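These notes concern the structure reproduced below.
None of the figures in this text is laboratory data; all of them are computed from the coordinates on show. Since we're looking at a predicted model, the values are computed, not measured. Here the Cβ positions follow ideal geometry from the backbone for every residue, glycine too, while neighbour counts run over all protein chains shown.
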Ligand code: PGA
């Protein structure tokens, strides 16, 4: 599979961290140092930080993304934010289906699919997260589970829309735990996902970037990014400090 065909993406997922002032500071610290980065640099921030982060990222090659969006354009959905609200402020990337949403906020494959649809309809690029829990891995159902998450989330997505999809394989047991999946596990899961895509789509799959996420840090980024079917990384904890995020980008 030709990795060179795909753009490399290093995306930060800030989760529920940073105030707007801190967001501005972090983006301002990273921006000048990534201006020649040979990859796409994305920072996905809490909703309240988007404006400040966008402002700080203006004129730089850092793209600001959100961490979720609702499937309706507007309405009585207290606490939710729509894809249109995001695009109206120039935010064109959104993470959907993160395992923390699935684990703690009742996100299901069906709601993930609805959110993916809404984001694509609004013209956004989606970073779709899939991945198994430790229990599921031990039960030997990783491939089925990841295939199911991928297929349901992307059901009804056209070849054209697929150009705005990035998949992040994030084994739940490796998120925020310090445990990283080994190279063999990562390669195998990425191959499986690419195979699932091939069963769903005729052509575009070769261009779709598949990222790895789960305890990516400066010390392991080089090895992970060197794997042939890893097109980038989605970074949580280590994206919260300029130094560690830059070290990963430079890997
Ligand atoms: P982590 O998070 O890098 O802190 O493990 C990754 C993620 O949840 O996207």
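For the reader, a short list of remarks on this structure follows.
- GNM flexibility winner over the chain from 59, 232, 79 (Cα, springs under 10 Å): 79
- DSSP bridge pairs, segment 100-251: antiparallel proportion in percent, nearest 5: 0
- Fewest-first ranking of 151, 35, using other Cβ atoms within 10 Å as the exposure measure: 35, 151
- Using a cutoff of 8 angstrom between alpha carbon atoms and counting only pairs six or more residues apart, the relative contact order for segment 25-137 works out to 23 percent.
- Using a Gaussian network model of the chain in which every pair of alpha carbons under 10 angstrom is joined by a spring, one finds that among 53, 76, 147 the greatest mean-square fluctuation is at 76.
- In a fully extended conformation the segment linking residue 184 and residue 141 would gain 13.8 nm over its present Cα-Cα distance, using 0.36 nm per residue.
- Relative contact order computed over the chain (Cα-Cα under 8 Å; 6+ residues apart), in percent: 22
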